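Everything on this sheet refers to the single structure shown next.
The values are calculated or read from the model by the stated rules, or taken from the named source; none is laboratory data. Being a predicted model, the structure only gives us computed values, none of them experimental. Cβ sites come from the backbone with ideal geometry, for glycine too, and all protein chains shown count toward neighbours.
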Amino acid sequence: MTGFKSQVSSLKLKPLPRCTENLKPETSDSRRCAQRGYTLFELVVAFVLVSILAAVLLSRLVYYQEMAEKAAMESTVRVIKTGLQIRLAELIIGNRQAEAATLEVEDPMQWLEPRPANYGGAYSEPPTLGRWYFDATARQLVYVVNTGNRLDLATAADAKQIRFRARLLKDRLNVGGAVVESVTGITLTAVTPYRWR
């Protein structure tokens, strides 16, 4: 071990040359200390790279925000359908199927407790973006899209609004030799087709 220590101690490390202002480096090995920063070209390249990355990041962020809005809207539609189906089941169990027709014309949000936080009540002009409304005149539930850059609607309307209507599902049953139309379910369907790309 003593041989190793003596070899290490006999090594003389050459100190790095010191750079001081207005002095040139003494040797060619010390050229690095003469450089004080980045060249203008390096700064421009770094700026361009950061700008490209920021643009890509922002476009992805907008895409994911819109997909989150789509998921939230579709989740709310499923909750409303479930509320309507529970209300219809209550009417069928209570032998009040004749009252089921009112479900097609009433505000379906009334069967939800609690209502969605972005429910605005009666439809009004101009509607607030990202909110649900009930249009009593058309008897439709309306969702006013917030971003909608990737939304394709089958209507020529300027406003990005997706409209839904409650619709009873009926079936003809043969009861005692007579054909009777019976309510078998309820759904919430889009009035006009839409598609998110």
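Quick one: ILE80 ticks every box in (1) within 20 Å of TRP196 (Cβ to Cβ); (2) surrounded by 13 or more Cβ atoms within 10 Å (Cβ to Cβ); (3) free of Cβ contacts under 8 Å to residues at least 24 places away in the same chain except a single one, so which number is it?
(3)
Among the strands (runs of 3 or more DSSP E) lying completely within the stretch 147-191, list those that include at least 1 residues that are of a type in the set (Asp, Glu) and modelled with pLDDT under 85. Walk me through it before giving the result.
Details: elements: 151-153, 161-175, 178-190.
Fully inside the stretch 147-191 and qualifying: 178-190.
Going by the structure shown, is PRO17 over 30 Å from LEU151 (Cβ atoms), in contact with a Lys or Arg (Cβ under 7 Å, 6 or more places away or on another chain), at pLDDT below 90 and not in a helix (DSSP H, G or I)?
On the way: over 30 Å from LEU151 (Cβ atoms): yes; in contact with a Lys or Arg (Cβ under 7 Å, 6 or more places away or on another chain): no; at pLDDT below 90: yes; not in a helix (DSSP H, G or I): yes.
The answer is no for PRO17.
Might you let me know whether the stretch 120-134 holds any residue that is of a type in the set (D, E, K, R), at positive phi and at pLDDT 90 or above? Let's see the steps before the verdict.
Applying the first criterion (of a type in the set (D, E, K, R)) to the stretch 120-134 yields 125, 131.
Keeping just the survivors that are at positive phi gives none.
Scanning the stretch 120-134 turns up no residue that is of a type in the set (D, E, K, R), at positive phi and at pLDDT 90 or above.
Answer yes or no as to whether ARG115 is part of a loop (DSSP other than H, G, I, E, B) and either touching a Phe, Trp or Tyr at 6+ places or on another chain (Cβ under 6 Å) or among the basic types (Lys, Arg) (or both). Steps first, answer last, please.
Working: part of a loop (DSSP other than H, G, I, E, B): yes; either touching a Phe, Trp or Tyr at 6+ places or on another chain (Cβ under 6 Å) or among the basic types (Lys, Arg) (or both): yes.
So ARG115 fits the description; yes.
Sort out which residues of the stretch 129-146 are in contact (Cβ under 8 Å) with a residue 60 or more places away in the chain and assigned to a loop (DSSP other than H, G, I, E, B), and write them in order of number.
Of the residues in the stretch 129-146, the ones in contact (Cβ under 8 Å) with a residue 60 or more places away in the chain are 130, 141, 143, 145-146.
Residues satisfying the conditions are GLY130, VAL145, ASN146.
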